[in-house]
Amino acid sequence: MSAARTGTQAGTGINRINRRRFLGVAAGLAAAGGAGGAGLLTMGGPAPGHATRQTAGHHRRRIRPLFLGTYTSAEGGGAGVGLGTYDTVTGRITGTGVVNGVADPSYLALAPSGRTLYAVDEQERGGVTAMALAPDGPPTVLGTRSTGGAGPCHLSVHPSGRWLLSANYLSGSVAVHPVDRATGALGERTELVTHSWPAPGPGQDGPHAHQIITAPDGRHVLAVDLGNDTVYTYRLDESAGELTQVSYASLRPGAGPRHLTFHPSGAFAYLANEVDNTVVVCRYHRGTGRLTPGAPQSTGTGPGTSYPAQILVTRGGDFAFLANRGHNSLTRYAVEAAGARLRLLDTVPVGGDFPRQIAFSPDQRWLFAANQKSGSVTVFSVDARTGSLHRTGAPFAAPVPVCVLPL
């Protein structure tokens, strides 16, 4: 394992994790028991593949697995990773159980092989947990490894499937773990880098790494830091699992960048800024990994802070969608000029409170929104031609859902 590379002391006050978890959660917890839908994710019930094992061939293809992340330490929170299914024809979610023993699994990611699920353990002593998926039973927990930091809130798997990348929010650091090719289990951490420069932005107490992903070219890893108003670009040594910084992009002071997603061309990326309530189109330079931010753009939510959370772009690169937690809405953009421009179209009520995270189904026919405060997941059909969103059915009730992952 390489030695951790750290700079200035990162802020790790519990007030930060309180802001992430409990900002108004109590006001919406009662809704978790009363929201419509198929009901709470609870212990017992069939495994994700249960509905498919007792149905005809076409119905097997119609019912797909779905996983939910939550805060197990929050009042009214879940007991672990929620298990469910969704109907690919209607979008309807059905709860099937829970994987116990995973603490505060607030973000989930699937291995490229489709055989392993990974979760962050967003606690003061942060961890990442691997779970083996099975077609005929619930996932099996393979073990947890320390991230070397506090409050990990995001993780992703390198396209090679050999490395797990994670971002520690409270300590402002990013970590790398090796993945066993045969089992998907995690090895001891090979890297830990703390974002010690530039200085924190206005109102921030230190760096706060919020996301880490691999660029579409597979050559560079990008880490988004909300506290430093910076996106760092690293090169990953795929033999040693070590990171070397090659570039960084500064956002305007107080932007609070949170989540980045790439246009399918790989030439542009779209960045959601949580603090100043904007989105930014960035040009990505494949050869160097350099990210060049453009001018901030409106989220369409009016004055005040709407805490933009996550931005998605369609596979065809025609539309982008932004989740606004304070405004409780989804913003729709038209993507123009081969990805170089976003044009605001409209905002749509999300049908819940505080949409923390959104995700497409693999075919992008459905968009799922995890509404943290209302304890619900809303499902929208996506019009492939216009990008229009249409809410379908009643919200699905779940305990403090902060991440949804449909397969």
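The values are calculated or read from the model by the stated rules, or taken from the named source; none is laboratory data. Note that the structure is a prediction, hence the values are computed from the model and not measured. For neighbour counting, all protein chains shown are included, and Cβ atoms are generated from backbone atoms with ideal geometry for every residue, glycine included. Quick note on the areas: whole protein, heavy atoms, side chains included, nothing else; ligands and nucleic acids left out. Shrake-Rupley method; radii C 1.70, N 1.55, O 1.52, S 1.80 Å.
A few comments on the model shown:
- Extreme residue, farthest from V224 (Cα to Cα), among residues of the range 245-277 that are open to solvent by 10 Å² or more (accessible area, probe 1.4 Å), hydroxyl-bearing (S, T, Y) and outside any loop (DSSP other than H, G, I, E, B): S247
- Residue among G126, G148, G137 that alone is within 17 Å of the chain's Cα centre (by Cα) and not aromatic (F, W, Y): G126
- Enumeration of residues in the range 79-90 that are of a type in the set (S, T, Y) and either open to solvent by 30 Å² or more (accessible area, probe 1.4 Å) or not in a strand (DSSP E or B) (or both): T88, T90
- Sub-8 Å Cβ pairs linking a first residue in the range 309-322 that is over 11 Å from L342 (Cα atoms) to a second residue that is assigned to a loop (DSSP other than H, G, I, E, B) and among the aliphatic types (A, V, I, L, M), at least 6 apart or interchain, are T314/A384; G316/A384, ordered by first then second residue.
- Test result for G302, modelled with pLDDT under 95 and more than 25 Å from G69 (Cα to Cα): yes
- Test: residue in the range 218-237 that is in contact with a His (Cβ under 9 Å, 6 or more places away or on another chain), of a type outside the set (A, V, I, L, M, F, W, C), closer than 27 Å to A337 by Cβ and in a loop (DSSP other than H, G, I, E, B): yes
- Evaluation of S196 against (1) in a loop (DSSP other than H, G, I, E, B); (2) modelled with pLDDT of 95 or more; (3) not aliphatic (A, V, I, L, M) (one fails), failing number: (2)
- Residue within the range 206-215 that is at pLDDT below 95 and over 16 Å from A150 (Cα atoms) present: no
- In the set T292, T288, T301, only one residue is among the polar types (S, T, N, Q), touching a strand residue (DSSP E or B) at 6+ places or on another chain (Cβ under 8 Å) and either crowded, with 23+ Cβ neighbours inside 10 Å or part of a strand (DSSP E or B) (or both); that residue is T292.
- Residues that are of a type in the set (S, T, N, Q) and touching a residue at least 40 places away in the same chain (Cβ under 8 Å), drawn from the range 278-298: T288, T292, Q297, S298
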